[in-house]
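The values are calculated or read from the model by the stated rules, or taken from the named source; none is laboratory data. In this text the structure is predicted, and so the values were computed from the model without any measurement. Neighbour counts run over all protein chains shown; Cβ positions are idealised from the backbone, glycine included.
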Amino acid sequence: MPANNTEDLTELGTILLSRARQAIAHHLGLAPPPTDDPRLAQRGACFVTLTLEGELRGCIGSIRPQRALGEDVVVNAVAAASHDPRFPPLTADELEHVRIEVSLLSSPEFLDFSTEAELLRQLRPGEDGLILFAGCRNATFLPQVWEKLPDPASFLGALKEKAGLAAGRTVDGLMAARYNVRKWQENPQEV
């Protein structure tokens, strides 16, 4: 789907949010499966975030575009509702109260750094999502995480911990890439 202007972006967000909700409802046995949408046939990478009463209830996504965006949002919505290891599976009763957010990721841009100070200087708080690669481990924080961790050093330390590393570990041997997102969130009055 072309996303060249605000109207196109608004329509894309509406489609992605609806598709995510319908995928979860289908998974819970409450609705038919989402139908194919040719506007979502291009490869894309997205995260689906669920909140319940303002608290995180699930978040799963893709870092790289490996499948059609329509399929990616369905797979990630169901995974956020049922396979996020931090939470029990979402129930049918919870679904009507859950707020869904879909974040569409840009292509990652690898950062060149040799020290932590160099890496921290390149981060744009509130704007960048960050992927940290440590051998076969990796972890990411969406740009929305800056709201809770506005200090770049704290943001990076928490991301290291998410990747299974010590927060104080040096960046020697690590790689990092940043990305941006377009995000859409359901209106709480409509949920």
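What the table below lists for this structure:
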item: Helices (runs of 4 or more DSSP H) (entirely within region 1-116) containing at least 2 residues that are among the acidic types (Asp, Glu) and more than 13 Å from the chain's Cα centre (by Cα); result: 6-27, 92-95
item: Test set (1) of a type outside the set (Val, Ile, Thr); (2) surrounded by 13 or more Cβ atoms within 10 Å (Cβ to Cβ); (3) at positive phi - Gly164 fails condition number; result: (2)
item: Selection within region 124-141 - without any contact (Cβ under 8 Å) to a residue 60 or more places away in the chain and either assigned to a strand (DSSP E or B) or more than 16 Å from Arg182 (Cα to Cα) (or both); result: Gly129, Leu130, Leu132, Phe133, Ala134, Gly135, Cys136, Arg137, Ala139, Phe141
item: Selected residue [crowded, with 20+ Cβ neighbours inside 10 Å, farther than 18 Å from Leu28 by Cβ and in contact with a Lys or Arg (Cβ under 9 Å, 6 or more places away or on another chain)] from Gly58, Gly70; result: Gly70
item: Matching residues, region 142-157, being free of Cβ contacts under 8 Å to residues at least 24 places away in the same chain and buried (at least 16 other Cβ atoms within 10 Å of the Cβ); result: Val145, Trp146, Leu149, Gly157
item: Qualifying residue in region 147-170 (condition: within 27 Å of Arg19 (Cβ to Cβ) and assigned to a helix (DSSP H, G or I)); result: yes
item: Filter result for Arg121 (in the same structural domain as Arg43 (by TED's automatic domain parsing) and either in a helix (DSSP H, G or I) or surrounded by fewer than 18 Cβ atoms within 10 Å (Cβ to Cβ) (or both)); result: no
item: Answer from Pro85, Pro65, Pro89 - the residue that is in contact with a Lys or Arg (Cβ under 9 Å, 6 or more places away or on another chain) and not assigned by TED's automatic domain parsing to the domain that holds Leu130; result: Pro65
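Table: residues versus (1) modelled with pLDDT under 95; (2) touching a Gly at 6+ places or on another chain (Cβ under 6 Å); (3) among the aliphatic types (A, V, I, L, M).
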| position | (1), (2), (3) |
| --- | --- |
| Leu17 | no, no, yes |
| Ile24 | no, no, yes |
| Ala31 | no, no, yes |
| Ala41 | no, no, yes |
| Phe47 | no, yes, no |
| Ser62 | no, no, no |
| Val75 | no, no, yes |
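Residue-by-condition table, conditions (1) at pLDDT below 95; (2) within 25 Å of Asp8 (Cα to Cα); (3) touching a helix residue (DSSP H, G or I) at 6+ places or on another chain (Cβ under 7 Å):
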| residue | (1), (2), (3) |
| --- | --- |
| Ala68 | no, yes, yes |
| Pro88 | no, no, no |
| Glu94 | no, no, no |
| Arg99 | no, yes, no |
| Ser103 | no, yes, no |
| Pro125 | no, no, yes |
| Glu161 | no, no, no |
